[in-house]
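Heads up, the thing below is written out as structure tokens.
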Amino acid sequence: MRDGHGRVIDYLRISLTDRCNFRCIYCMPEDGLSLMSHDDILRIEEIEAIVRAAVRIGIRSVRLTGGEPLVRKGVVDLVGSLAAMEQIDNISLTTNGVLLPQMAGDLKRAGLSRVNISLDTLDADQFTEITRVGQLESTLAGIDAALQTGFNPVKINAVTVRRLNQDFLAFAKMSIDRPLHTRFIEYMPVGSSGGVDGTGWGHEDVIPSEELLQIINERAAAEGLPELVPLDGKDKPLGWGPARYFAFPGAQGTVGFISPLSRHFCSECNRLRLTADGKLRPCLFSDEEIDVRTALHDGGEDAVYECFLQALHLKPDEHHDKVGTERNMSQIGG
Ligand code: SAM
Ligand code: SF4
């Protein structure tokens, strides 16, 4: 179905929990967030009922996210029941990768189609600085597990923050020898995370994708590597979404740039978000939410379907550079 601005909406991102085994500086405050109580979190059967209503408005792809979706009990069974819905073509997951070594096989067998793994640096100390508690090897092991299990494509999401001075070329080079699709994401003003020094998000920390592409090409040239070449549709990884893709000539993977701030993709936005406590969010950057959980309790799946129609109607044309949201990324579902 189309929303009020003519866009086809066929993609639902579902936050399975606001809990996480990391505390990334751009996502959560250092002391964590006051967590939703277990009673507030959607039960697995409620999520299934909401997705059954969602397919009636034309949702065909579902992404499971969070918080860390793999810490949510019942995630494998949920993948299985979503995969059994014949209208759902695609189930994907965004994860920090830590639990993939033990779960990737079960997730694949249950019907998970694709995996995105978040990783912002290949430097072990910087990894712990960014995640506050994580170890680089654990996420790297998750990437290995995803490849070994046969997920394709495996995408790596890296948030870029100017003051962190990440080694972007090292990152882009990961795509050369392995079929990894690394994507750089502009740091977004969502919620009240601590940011690099505890002061939160600031414009000065955003590296516009165009500038980043130039930085990578300059550093590549300094190492005698060729420039990144833009890809056309047929060479882009499946489910390429809002990223612009490039590749080093002959590389197995690609390098993508996601520019929610410097190059809005609002006109192509095809998604709705479901928070872990059962609120439907038409736009990441707008705090407008529809209470689908209450609708489900009071009126069943028909009432949830009405909520989806309302979300289509409420979806804004663009985010108008709004800075900040009430809820953090881990609560909304990044
Ligand atoms: N825990 C999982 C993970 O890290 O992949 C899934 C949830 S996380 C909120 C989803 C994505 O949002 C991650 O790729 C993360 O890097 C990204 N993210 C979180 N806060 C962000 C911010 N302020 N700006 C840009 N991306 C952000
Ligand atoms: Fe956790 Fe993902 Fe947020 Fe990092 S980005 S704190 S891994 S939810």
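General remarks:
- Taken over the range 12-39, the criterion of being more than 14 Å from ligand 1 (Cβ to nearest atom), more than 19 Å from residue 301 (Cα to Cα) and not polar (S, T, N, Q) is satisfied by 30, 31, 35, 36, 38, 39.
- Within the range 180-194, the set of residues being modelled with pLDDT of 85 or more and touching a helix residue (DSSP H, G or I) at 6+ places or on another chain (Cβ under 7 Å) comprises 180, 181, 182, 184, 186, 187, 190.
- Matching strands (runs of 3 or more DSSP E) fully within the range 231-334 where at least 2 residues are closer than 24 Å to residue 118 by Cα and within 16 Å of ligand 2 (Cβ to nearest atom): 271-274
- Selected residue (only one of 266, 283 is in contact with a Cys (Cβ under 9 Å, 6 or more places away or on another chain) and farther than 18 Å from residue 15 by Cβ): 266
- The residue that is surrounded by the fewest Cβ atoms within 10 Å (Cβ to Cβ), counting only those in the range 194-209 that are closer than 19 Å to residue 327 by Cβ and in contact with a Ser or Thr (Cβ under 9 Å, 6 or more places away or on another chain), is 200.
- Residue that is touching a residue at least 40 places away in the same chain (Cβ under 8 Å), touching a Leu at 6+ places or on another chain (Cβ under 9 Å), among the aliphatic types (A, V, I, L, M) and closer than 20 Å to residue 229 by Cα, where the choices are 170, 141, 146: 170
- Qualifying position, being within 11 Å of ligand 2 (Cβ to nearest atom) and either surrounded by fewer than 20 Cβ atoms within 10 Å (Cβ to Cβ) or within 16 Å of the chain's Cα centre (by Cα) (or both), among 52, 2, 19: 19
- Applying the criterion of being away from ligand 1 (no atom under 13 Å from the Cβ) and among the hydrophobic types (A, V, I, L, M, F, W, C) to the residues of the range 176-208, the residue that is nearest to residue 157 (Cα to Cα) is 180.
- A single member of 117, 91, 156 is assigned to a strand (DSSP E or B), away from ligand 1 (no atom under 14 Å from the Cβ) and buried (at least 20 other Cβ atoms within 10 Å of the Cβ), and it is 91.
- Selection within the range 92-119 - in contact with a Pro (Cβ under 7 Å, 6 or more places away or on another chain) and either more than 16 Å from ligand 2 (Cβ to nearest atom) or more than 17 Å from residue 134 (Cα to Cα) (or both): 93, 114
- Selection from the range 61-85 of residues that are surrounded by fewer than 16 Cβ atoms within 10 Å (Cβ to Cβ), of a type in the set (D, E, K, R) and assigned to a loop (DSSP other than H, G, I, E, B): 73
- Picking from residues in the range 22-47 that are in a loop (DSSP other than H, G, I, E, B) and more than 30 Å from residue 121 (Cβ to Cβ), the one that is farthest from the chain's Cα centre (by Cα) is 37.
- If you go through the range 258-273 and pick out every residue that is more than 14 Å from ligand 1 (Cβ to nearest atom), within 23 Å of residue 204 (Cα to Cα) and touching a helix residue (DSSP H, G or I) at 6+ places or on another chain (Cβ under 7 Å), you end up with 1.
- Hits in the range 103-114 (condition: touching a Ser or Thr at 6+ places or on another chain (Cβ under 6 Å) and within 14 Å of ligand 1 (Cβ to nearest atom)): 114
- When residues of the range 226-249 are limited to those that are closer than 23 Å to residue 167 by Cβ and in contact with a helix residue (DSSP H, G or I) (Cβ under 8 Å, 6 or more places away or on another chain), the one surrounded by the fewest Cβ atoms within 10 Å (Cβ to Cβ): 226
The values are calculated or read from the model by the stated rules, or taken from the named source; none is laboratory data. If you're wondering where the values come from, they're calculated on a predicted model, not measured in any experiment. Note that we place each Cβ from the backbone using ideal geometry, even for glycine, and neighbour counts take in every protein chain shown.
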